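A.B. asks: Before I ask anything, here is the structure I am working with.
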Amino acid sequence: MDPSRKRAIRLVAALTAALLLASALVYTSFSAGRDELTAGQLLTRARPGQSYILAGTVLTGSVRHVGDALMFRVRDPKLRVSVPVRYTGIVPDPFRAGRGVLVTVHEPSTGTQFVGEQDSLTTKCPSKYQATSASY
Amino acid sequence: MAPVGRTLLVLGLVVAVYGAGASLYGGRSGREEWVVSGRRAVYALALVMTVAWVILEAAFLRSDFSFNVVAAHSSTTTPTFYKLAAPWSSQEGSLLLWVWLLSLWSSLILFLTRKRVREIAPYATAVLMGFAVFFGSLAAFFANPFATTASPPPEGAGLDPLLLHPSMMIHPPMLYSGYTLMAVPFAFAVGALITGRLTSEWISVSRRFALAAWLFLGIGVVLGARWSYTELGWGGYWAWDPVENAALMPWLASTAFIHSIMIQEKRGMLKVWNVSLVLASGTLAILGTFLVRSGVLDSIHAFGASTLGVPFVLLLATMIIGGIGLVLWRRERLRSEAHLESLLSREAVFLLQNLVLVAMVFVIFWITFFPLISEALTGTKVSVGPPAFRPFIVPLALVLVALSGIGPLIAWRRVTAANLRRNFAFPVVGAVAICLVLLVTGQGTGRPFALVMFTFGAFVLLAVGQEFWRGTGARMAMSREAPPLALVQLIRRNRRRYGGYIVHAGVAVLLIGVAASSSFQHSRDAVLRPGQSTRVDGYTVRYVRPIATATAQKLSFGAVLDVSKGGKHVTTLRTSRGFYPSQDPSLGPIGRFFDGEADSNVGLQAGATRDIWTVVNPDLSPLRGLINRGNALFGAALPKAMTRAASLPPAQAQASLAPLWQLRDQAISGIATRFITHPWPVSFLLIVDPLVSWIWIGAIIVAIGGLLALWPIPRLARRRRAVTLPVPGAAPAPAPAASAPSPVTAARELV
C-alpha cells in the first residue's frame, strides 16, 4: 500500500478513536453527573427522591449530635439562607462550623430536614485556605 | 528583618525583569555580553531569593509574630521540625518557595549549558525569568510573606493539626520542585521554537530536568497519597480530588514526553508531538499551582477564596496561545525526518503509549473541570465524582501496563517473527500461567479488571526480569564477570535504559497494589461497647478498652482493639481522635478544649498481604452536660478573677490566676476520664485492604529506577556513546536488517 495512504488511514483511525472517547466522556459526564447546588438553589429546585450535592459552609452554632446522627445547617455563600441536614457516617477531621463542605443530600418525602447520604460528607482542608486574621 | 525581606523581594523582581530583558536583547542582537549578563542575573536572583527564604525561615524559628504569616501559621508550641515546614503551609510562603526553587533550578540549567545551545539559552533564560517575574510579583504585591503588624500578638494561631505530619516536611517541596522543574524544558522548548533550532539539541540539554521534574512530582504525588491514606476524610490514598489530579496530569504528560523524545533522538520523528507535550506539561504544572491557589474547584486540599485566580488565568492563556502560535509558526521545521515503518515496532508502541497517556490526561482534565464546564454551558454546576473516572482510567491503565511490558521487548523499526518468539515467549507464557493459577485458586473471581491487571503486571515483571537476565548473561559472557558484578556493571553502563526498566517494574507493582486494594477491599462501620466484637473479612475485631489522655496540647479519646483470625491473635491496634483547644470564646472556658480542631490517629497494621486500618469516632455528646456545667461555673468565676488580676502587677496577676487554671485543668481531666470510667458505645470504621503495601513498595522501585536514569553516566560510557551517536544533520543510517541478531550483536546491544 502507498505509504501516504497508509498514514492517512492510521490518522483517520486515531481520530475516530479520539472522537469516540470524547463522545463517551461527554455523555458519561452529563448522564452520571449530579447537580451541585447552594442552599438557596436547593430550596427552590429540590424534588423529593432526587439527590443533589449541597455545597456551602457549616452555619455557626448549628452543629449537634443526636444519637449516631450529626445535625447541621449548610449556609449559602451568597444568600442569607441555610438548609438543615441530618447526616450519618464518617465525619472528616476538618469538619466544623464555618468550614466549606460538600454533602450529597436528598429531600425526604416527609419532614423538612435534608438527609445526607452515608459517608458522602467532605470538608475542604482548612489549612490550605487563605489565612484570615488569627484570633488570640 | 521584615523590611530586609520586603526589599529583597522587590530587588529580586528588578533582577528578574533585568535578566529577562538582557537575555532577550542579547539573543536578538547576538551580543554575547548581554546574554552572559542575563545569565548572571539568574544567579543573582537565586542568591537574593535564598537570603529572603532564610529570613522567612528564621522568623518562623524565632516565633517572630510581627510577621503576619508567622502569627497565622505557627506558635511557640509548634515543634521546631514543623516550624521549618510551616512557611509553605501559607499562600505567601508557597509563592516565595516557588520563586526560590525556580531560581535555583534555572541557575543550575543555565550554568550546565553555559557553553551549549548558545542560540536557544537566551530565550530560555527570558522565559524562566518571566515566570520569576510573575510569581515574584504575586509574592511582592498580592501575598507578601514579609508583611508585618505594628502590634504583634503574644502567641500565634499555630500550624493546623492536620499538617502536623512528617510528610509536611517533604511532600509540598517535592511537588513544588516538580512544578518548577517543569518550567525548564518548557523554557528551552520555547527558545528552540523562537530560534528555529529544532533538532534534538534542546531536548538533550533539558531532558535530565524533565526527568527530574517527573521524578520529584511522582515522589510528591505518592507522599501525598501515603499521607491521605492515614487521614480521616481525605478519601484514602487516592480520591480523584482536583488538587490530586492537578499533580497527576503534568506527571502523565511528562511520562509521555520522556518516552517520545527517544523516538526523536533515535529517528528524528515526532517533533511536533514532543514540543507540544513539553509545552503542555509546563502549562499543566502552572494549572496545578492555579488549582491549589485559586479555589476555583471544590477540593478537600484547595485554597479557599483567593484573589490570585485572574493573574493565573492570564498566565495560562498566554502560555497556551503563545505555545500554539509558536508551534504553528514553526510547523515546517518540525517535520519528521522519518516515518513510522510498521505498527509492530517500538516506535509504534511508544506512540500508542503516548496516546494512552494523553487520553488519560484528557479524561482527568475533562472530569476535573466538568463542574466549571457544565456551569458555563447550563448555568448549573454538575459534579460527576470519582466513579466517573473509573470506566475510562481503568481500561487505559490496563493498556498502559501491557505496553510498558511490550515496549522493552519489541524491536525498533519493524518486528520479525523471530523477534516475537525470542522476546515474548517467556513473559507471555509466564503471565498466562499466573492468570490461570489465579483463576483456579479463585483469586480473581468476580473482578475481571483486577485479574487482567495482575496478568499484565506479571507480564511486565517477567519481561523486565528477562531483559536483566539476558543483559547480565551477555555481560558475563563478554567480560567473564561474576553475576552480581555483571548486573551492577550492566546497569551502571546504561543507566537510562535499565533505570527505565526498573521504573516499568515499579509501576507494574504499584498498579497491582492499586488493583488489589480497590477491588478486594472490605470495610465495616461498627458501633461497639468495650468487650464487644465484630467481623470484617474473616478477622475478629474486639473493642478491648477505651483510652483518654489530657495534655496541654490536646485531649485525646480512643480505643484499644484486639484483632484475631481463626482464634489466633493477629495484632493490637490503637486509634484515637485528638481535640486541640479552640481560640473561639463562644465555645466556653471548658467547651473550647473539647470542640477545637480534631485530628484522627489511624490504627494501622500494615503487612505484605493486607493492611488492617481502623479509626474511632468518639461521640462526646454524653459529656456535653458536664461540659456545659463547667462552662457555667468557670464562665462565672473567670471574669471576676480576671478583673481582680487586672489590678495587680503581672507576676502577682499570674499567681492569683494559677489556682483557677489548675482547677480548670482538673475539671477538664475529670470530664475526659469519664470516657474511661463510664464507657459508652463508640463507632469505628474498620477496613481490611489487600496489597496496599505494594503501592508504596512499587513507588520506591519507581523512584530508584528514576534516580538511576537521572544519574549521570560514567565518563567512559559517555565518550563511547558520543562516538556512536549520529552527526546532527547527517543522513539517517540505513535500517539494520530486521532479522534475528547474532549473539555478539545482541550482547553488545544489551550491555
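A.B. asks: Determine the calculated [θ] at 222 nm for chain B from helices alone, applying -39500 (n - 2.57) to every DSSP H run no shorter than 4 residues and normalising by the residue count; nearest 500 deg cm²/dmol.
C.D. replies: -21500 deg cm²/dmol
A.B. asks: What whole-number distance in Å separates the alpha-carbon centres of the range B:587-619 and the range B:43-69?
C.D. replies: 35
A.B. asks: Right, next: Can you order the peptides B:452-465, B:646-659, B:674-687 by their average number of other Cβ atoms within 10 Å per residue, highest first?
C.D. replies: B:452-465, B:674-687, B:646-659
A.B. asks: Here's a follow-up. Based on the alpha-carbon gyration tensor of the range B:170-340 and its eigenvalue square roots a ≥ b ≥ c, which shape applies: rounded if a/c is under 1.5, prolate if not and a/b is larger than b/c, or oblate?
C.D. replies: Taking the square roots of the gyration eigenvalues as a ≥ b ≥ c, the range B:170-340 is prolate.
A.B. asks: Just subtract the alpha-carbon distance of residue B:551 and residue B:426 from 0.36 nm times their residue separation and send over the number in nm, one decimal.
C.D. replies: 38.9 nm
A.B. asks: Okay, moving on. How much FRET efficiency would the formula 1/(1 + (r/R0)^6) give for residue B:111 and residue B:333, where r is the Cβ-Cβ distance and R0 is 25 Å, rounded to 0.05? Before the final figure, lay out each step's value.
C.D. replies: Numbers: r = 28 Å, r/R0 = 1.14.
The pair residue B:111/residue B:333 has a calculated efficiency of 0.30.
A.B. asks: Then there's this: Please work out the FRET efficiency for the pair residue B:586 and residue B:118, using the Cβ-Cβ distance as r and a Förster radius of 60 Å; give the result to the nearest 0.05.
C.D. replies: Numbers: r = 66 Å, r/R0 = 1.10.
Using R0 = 60 Å, I get an efficiency of 0.35.
A.B. asks: To the nearest 10 degrees, how steep is helix A:3-32 against the longest Cα principal axis of chain A, on a 0 to 90 scale?
C.D. replies: Between the helix axis and the principal axis of chain A, the angle is about 20 degrees.
A.B. asks: Give the average, rounded to an integer, of partner chain Cβ atoms located within 10 angstrom of each Cβ in B:579-587.
C.D. replies: On the way: counts 0, 0, 0, 2, 3, 5, 1, 3, 1.
Rounded to a whole number, the mean comes out at 2.
A.B. asks: Using 0.36 nm per residue, how much length does the chain from residue B:33 to residue B:626 gain when fully extended, once their Cα-Cα distance is taken away?
C.D. replies: Numbers: separation 593, 0.36 × 593 = 213.48 nm, distance 7.69 nm.
Length difference between fully extended and current span is 205.8 nm.
A.B. asks: Using the alpha-carbon centroid of each, what span in Å lies between the range A:30-98 and the range B:356-371?
C.D. replies: Each part's Cα centre sits 28 Å from the other's.
A.B. asks: What whole number of Å gives the distance from the Cα centroid of the range B:192-215 to the Cα centroid of the range B:5-35?
C.D. replies: Comparing the Cα centres of the range B:5-35 and the range B:192-215, I get a distance of 22 Å.
A.B. asks: List the DSSP H helices in chain B whose Cα atoms stretch 20 Å or more along the helix axis and whose mean Kyte-Doolittle hydropathy is at least 1.0.
C.D. replies: Passing helices, by number: B:2-29, B:32-61, B:91-112, B:121-137, B:167-195, B:271-294, B:309-329, B:346-378, B:390-406, B:417-440, B:693-710.
A.B. asks: Hey, another quick one. Return the FRET efficiency for the residue pair residue B:651, residue A:112: r is the Cβ-Cβ distance, R0 is 51 Å, and the value is rounded to the nearest 0.05.
C.D. replies: Plugging the Cβ-Cβ distance into 1/(1 + (r/R0)^6) gives 0.35.
A.B. asks: Using every pair of alpha-carbon atoms in the range A:36-127, split the distances into 5 Å bins beginning at 0 and state the percent of pairs per bin, rounded to integers.
C.D. replies: Histogram of Cα-Cα distances, whole percents per bin: 3, 16, 28, 28, 17, 6, 1, 0.
A.B. asks: Pick out, in residue order, every one of the trypsin sites (Lys or Arg not before Pro) in the range B:66-159 that is DSSP loop and has at most 15 other C-beta atoms within 10 Å; say none if there are none.
C.D. replies: The qualifying sites are B:114, B:115, B:116, B:118.
A.B. asks: Using a basic spin-label model with each label point 7 Å from the Cα along Cα→Cβ, how many nm lie between residue B:47 and residue B:390?
C.D. replies: 5.7
A.B. asks: List the lysines whose Cα lies under 25 Å from the Cα of residue B:83, skipping any in the same chain that are fewer than 8 positions away.
C.D. replies: Filter leaves A:124, A:128, B:554.
A.B. asks: Per residue, how much space in cubic angstrom lies within the convex hull of the C-alpha atoms of the protein assembly as shown?
C.D. replies: For the protein assembly as shown, the hull spanned by Cα atoms encloses 195 Å³ per residue.
A.B. asks: Oh, and also: How would you order B:468-481, B:512-525 from highest to lowest mean count of nearby Cβ atoms within 10 Å?
C.D. replies: Those peptides, ordered most packed to least, come out B:512-525, B:468-481.
A.B. asks: In nm, to one decimal, how far is the residue B:10 label point from the residue B:199 one, both placed 7 Å along Cα→Cβ?
C.D. replies: 4.7
A.B. asks: Going by average Cβ density within 10 Å per residue, which order do the peptides B:243-249, A:41-47 take, highest to lowest?
C.D. replies: Going by the mean number of other Cβ atoms within 10 Å, highest first, we get B:243-249, A:41-47.
A.B. asks: How far apart, in nanometres, would the label points at residue B:524 and residue B:310 be if each is projected 7 angstrom from Cα along the Cα-to-Cβ direction?
C.D. replies: Here the modelled spin labels are 5.6 nm apart.
A.B. asks: Continuing with this model, one more query. Just check chain B against the gyration tensor rule for me: Cα atoms, a ≥ b ≥ c as the square roots of the eigenvalues, rounded for a/c under 1.5, and otherwise prolate or oblate depending on whether a/b exceeds b/c.
C.D. replies: Note, shape of chain B comes out oblate.
A.B. asks: A further question on this structure: Mind listing which trypsin sites (Lys or Arg not before Pro) in the range A:69-121 are in a DSSP loop and have 12 or fewer other Cβ atoms within 10 Å? List each step's numbers first, then the result.
C.D. replies: Details: sites: A:73, A:75, A:78, A:80, A:86, A:96, A:99; in loops: A:78, A:80, A:96, A:99.
In loop regions of the range A:69-121 (DSSP not H, G, I, E or B), the sparsely surrounded trypsin sites (Lys or Arg not before Pro) are A:78, A:80.
A.B. asks: Additional query: Quick one: compute the contact order of the range B:1-164, relative version, from alpha carbon pairs under 8 angstrom and 6+ residues apart, as a percent. The partial results should precede the final answer.
C.D. replies: Numbers: 257 pairs, mean separation 59.7, N = 164.
Result for the range B:1-164 is 36 percent.
A.B. asks: Over all directions, what mean area does the Cα convex hull of the range B:475-545 project, stated in square nanometres?
C.D. replies: Computed as one quarter of the Cα hull surface, the answer is 9.0 nm².
A.B. asks: Across peptide B:374-386, how many C-beta atoms of other chains are within 10 Å of each residue C-beta, on average?
C.D. replies: For peptide B:374-386, the averaged partner shielding equals 5.
A.B. asks: List the aspartates and glutamates whose alpha-carbon lies under 14 Å from that of residue A:6, not counting same-chain residues fewer than 8 positions away?
C.D. replies: In chain and number order, the partners are B:341.
A.B. asks: Taking 0.36 nm per intervening residue step and subtracting the Cα-Cα distance, what contour gain separates residue B:478 from residue B:155 on full extension?
C.D. replies: Gain on extension, residue B:478 to residue B:155, equals 109.3 nm.
A.B. asks: Let me ask something else about it. Give me the compactness ratio for the range B:522-690, meaning the Cα radius of gyration over 2.2 N^0.38 Å.
C.D. replies: It is 1.30.
FYI, it's all coordinate maths here, none of it is from the lab. Note that the coordinates shown come from a computational prediction; the quantities given were computed from them, not determined experimentally. Glycine also receives a Cβ, built like all others from the backbone with ideal geometry; neighbour counts cover every protein chain displayed.
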